[in-house]
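I have placed the structure first, in the form of structure tokens, so that the comments after it can refer back to it.
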Amino acid sequence: MEKRAELYAGKAKSVFGTEDPDLLVLEFRDDTSAFDGKKRQQLARKGQVNNRFNAFVMDRLAAAGVPTHFERLLGDRESLVKRLDMLPLECVVRNYAAGSLCRRYGVEEGLELVPPTFEFFLKSDALGDPMVNEYHISSLGWAEPWQVERMKELTFRINEILPPLFAAADLLLVDYKLEFGLFRGELMLGDEVTPDGCRVWDRRTREKLDKDRFRQDLGRVVESYELVGNRLGIHFD
């Protein structure tokens, strides 16, 4: 697959065209950021770890019938993906209270949420990724009603698959964000599923093993990502 010009560079990933207009190369970089890009750092091996981690999760979801943009690994830091028309929304599912939910509602971190909660956020660094509801989405034209329902349906389907997978590795999948886009009229999962966009804790100790280690200056960020991956059965070169 011929890698062509860079089409987009985000905070931690870059996207390149290929000779096939339906396919893109997704490159995971070592860049790490938090607080809407206000805190930045390079973390060695992070791109490689997230690329392999994402491939593992996407393969598991595809095997369970979830449509995703992931095609295959190309190398240490690169994957081949379908070209999606991304919707400007993040879908966040929360199984335990953490982060902004605790700050907004004054609930204790670690409280199990039964049933899990679902929230939409608008993807906008300039606005701080504000939380939005379905009325905002409809009135402002960010997605069609059927797309909203399908995003919710796929998010909860994914949440039936991933928490048990993590639990079998003695891990809690606390919360995570998902992004969706359209490919030939079909809504499917895009972007990534890695510890950059999840909260993952050790089930027994509640030790944080995700990007909160970077946000909170806890250290051993990439090593914690690798620990999560190793428990799930991912082998990093």
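The values are calculated or read from the model by the stated rules, or taken from the named source; none is laboratory data. Computed from a prediction, not measured in an experiment: that's the story for all the values here. Neighbour counts run over all protein chains shown; Cβ positions are idealised from the backbone, glycine included.
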Residue within segment 199-220 that is assigned to a strand (DSSP E or B) and hydrophobic (A, V, I, L, M, F, W, C) present: yes
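Please go through segment 210-235 and give me each residue that is small (Gly, Ala, Ser) and crowded, with 21+ Cβ neighbours inside 10 Å, ordered by number. Before you say what the answer is, go through the steps one by one.
The first filter runs over segment 210-235 and keeps only residues small (Gly, Ala, Ser), leaving 219, 224, 229, 233.
Within segment 210-235, SER224, GLY229 qualify.
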Count of residues meeting criterion [free of Cβ contacts under 8 Å to residues at least 24 places away in the same chain and either surrounded by 19 or more Cβ atoms within 10 Å (Cβ to Cβ) or closer than 14 Å to ASN50 by Cα (or both)] in segment 182-209: 2
Whichever residue in segment 99-147 is within 21 Å of the chain's Cα centre (by Cα) and on the phi > 0 side of the Ramachandran plot and, among such residues, is surrounded by the most Cβ atoms within 10 Å (Cβ to Cβ): ASP129
For GLY10: the one exception among (1) under 16 Å from GLY197 (Cα atoms); (2) without any contact (Cβ under 8 Å) to a residue 60 or more places away in the chain; (3) surrounded by 16 or more Cβ atoms within 10 Å (Cβ to Cβ); (4) not assigned by TED's automatic domain parsing to the domain that holds PHE120: (3)
Options TYR176, TYR225; residue that is aromatic (Phe, Trp, Tyr), assigned to a strand (DSSP E or B) and out of contact with any His (no Cβ under 9 Å at 6 or more places or on another chain): TYR176
Condition broken by ASN51, with the remaining ones in (1) part of a strand (DSSP E or B); (2) buried (at least 20 other Cβ atoms within 10 Å of the Cβ); (3) of a type outside the set (Ser, Thr, Tyr) satisfied: (1)
Any hit, segment 65-72, residues being among the basic types (Lys, Arg) and in contact (Cβ under 8 Å) with a residue 24 or more places away in the chain: no
